[in-house]
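Worksheet for the structure shown next.
What follows draws every value from the coordinates through simple rules; no lab data is involved. For clarity, every value in this text was computed on a predicted model and none was experimentally measured. Here Cβ is always computed from backbone atoms with ideal geometry, including for glycine, and neighbour counts include all displayed protein chains.
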Amino acid sequence: MTDVAPLPASLPGDLPTDLLIGGRWRPGGDGGRFAVHDPATGAVLTEVADATPADGLDALAAAHEAWPAWQATPPRVRSEVLREVWERVMARADEFAACITAEGGKPLAEARAETAYGAEFVRWFSEQAVRITGTVRTAPSGANRQLVMRRGVGPALLITPWNFPLAMATRKAAPALAAGCPVVIKPAAYTPLTTLLFADVVREVLAERDLPPGVINVVPTTRAAALTDPLLRDPRLRKLSFTGSTEVGRVLLRGAAHNVLRTSMELGGNAPFLVFDDADLDAAVEGAMVAKMRNAGQTCVAANRFLVHEDVAEAFAAKLSAAFGGLVVGPGSHEGTTVGPLIRPSAVSFVEELVGDAVSRGASVVTGGDRPDLAGYFYNPTVLLRVRPEARVVTEEIFGPVAPIVTFRDEDEAIALANGTPFGLVAYAYTRDLDRAFRLAERIEAGMLGINRGLVSDPSAPFGGVKSSGLGREGGEQGIEEYLETIYVAI
């Protein structure tokens, strides 16, 4: 058994660390537990129950049992439940932020922003719960009427990543619950604590209203494949939503094919950040800092490739380097920190490999390019200039604080470079030419595009990608559609 350090005083003392199944906190079936580490120090924060495959099936059974009653719960009541959850999360925002920082490493300011962002999905979908619509019309032949109605697809398995432990849980759970679908959440093993805390808030609200306890279930585990495989083969499961790598997404899609499950997949990205010669370079740098450096570059929408017109590349690199130089690397809980650690030691080694490969191909390090002298899993913010398009730091998703700059000559070359990847989650572009902005919107192969803006994520807007970056959309009016079936009745 690992020695466990006491929880920091800033974390809630009653933080749940067991499985939530059918409204009850319980240990894993075999009594196993796993350690959750602070990436800023490597120290163990606490240990969490390690769900077995049997525990996963118990969670699905609880969700399936709750389904009829939850589906029959009036939309207004489901809406009020979510509204109350939003209010309670915001009332405990400091607790959530401290938890996010402790297990994920991001600076407290970013953790507070994630808390507000994640909670907003709950408020947004509380409002959508009462806006699920259908139609009644006379058939063109006049022989009958056509009734089209919507209902929840059923119990949903939600597999969330480690980098936004609250926002990824709420972005999936809130629309599912609004649509009348009970859920089983499998959070990432690196950051299960925030999701467990959120689920406890939902559990409390359900219990106070005497609603089915199996509406929300959480099964953290280190045995992800062993737990999910039997769930995907169980006919009681009707929906799968996953955020993570394209490689794992393909495996899950193959598993989901067995029962022809409804699926939502938010997969890998390789976001281009285009800077044209007419761009406001100061604005472009400001946007780049947002698009690149949130969570130390560990986001699926992080700017991965900086494609900069050759006439402004040197000036942009100098300004971006100056901005990177003003960042403060350190534990997220420390006052003034603006860049926290990476999630695990292998992530630091991977970033080092990518930078080394780029340099070996002729890239120059403008700033950074090494680890700071700190405990934990840190890498200094890095700007690379004269990067070859074939360098690994360009072709692979970095998930770290590195900005590789590749130059282009004209708009056609910029678009070709931007589209020269199997991925298509998001892209960013800075230009003062409105016609060009519309051309980019029509030609860039991405599900989302930020024009003169480094932040596109918004609970009220559809989030998702094209090509190998996924299927379906989360957020916006479209987000709840992923959890609804269309039923046609001829009368």
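Numbers below:
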read-out: Cβ-based exposure ranking for V387, V184, in which fewest neighbours within 10 Å come first; value: V387, V184
read-out: Order by protection proxy (mean Cβ within 10 Å, highest first), peptides 139-150, 67-78, 228-239, 401-412; value: 401-412, 228-239, 67-78, 139-150
read-out: Backbone HN-Hα couplings from phi across segment 362-370 [Karplus 6.51/-1.76/1.60, Hz, Gly and Pro as x]; value: x, 5, 10, 8, 7, 8, x, x, 7
read-out: DSSP beta bridges in segment 378-491 [antiparallel fraction, %, rounded to 5]; value: 30 percent
read-out: J(HN,Hα) series, segment 303-309, from Karplus relation 6.51 cos²θ - 1.76 cosθ + 1.60, nearest Hz, glycine and proline x; value: 4, 9, 10, 9, 9, 10, 4
read-out: Spin-label model distance (nm) - W25 vs A375, 7 Å beyond Cα toward Cβ; value: 2.8 nm
read-out: Cα long-axis angle, helix 108-128 against the chain (0 to 90 degrees, to the nearest 10); value: 40 degrees
read-out: Sum of -39500 (n - 2.57) over DSSP H runs of 4+, divided by residues of the chain (222 nm, nearest 500); value: -12000 deg cm²/dmol
read-out: Efficiency of FRET between S460 and T395 - r from beta-carbon atoms, R0 35 angstrom, step 0.05; value: 0.55
read-out: Considering only segment 271-458, percent of DSSP beta bridges that pair antiparallel, nearest 5; value: 15 percent
read-out: Sites V251 and E314, calculated FRET efficiency, Cβ-Cβ separation with R0 51 Å, nearest 0.05; value: 0.70
read-out: Helix 246-256 axis, angle to the chain major axis (alpha carbon atoms, nearest 10°); value: 20 degrees
read-out: Antiparallel DSSP beta bridges within the chain, as percent of all bridges there, nearest 5; value: 45 percent
read-out: Backbone N within segment 176-217 under 13 Å of label point (7 Å from E80 Cα along the Cβ vector); value: 206, 208-211
read-out: Separation of the I491 and V130 label points, Cα + 7 Å toward Cβ, nm; value: 2.4 nm
read-out: Gain in span if fully extended, D210 to D229, counting 0.36 nm per residue against the direct Cα distance; value: 3.6 nm
read-out: Helix axis angle, 53-72 relative to the chain longest principal axis, alpha carbon, degrees; value: 70 degrees
read-out: Segment 271-458, relative contact order [Cα under 8 Å, separation at least 6], %; value: 29 percent
read-out: Computed label-point distance, nm, for sites R432 and D94 using a 7 Å Cα→Cβ extension; value: 4.6 nm
read-out: Filter on K172/K292; K186/K239; K186/K467 - keep pairs with C-alpha separation over 22 Å; value: K172/K292; K186/K467
read-out: Gain upon complete extension [A113, S346; 0.36 nm per residue less C-alpha separation]; value: 81.2 nm
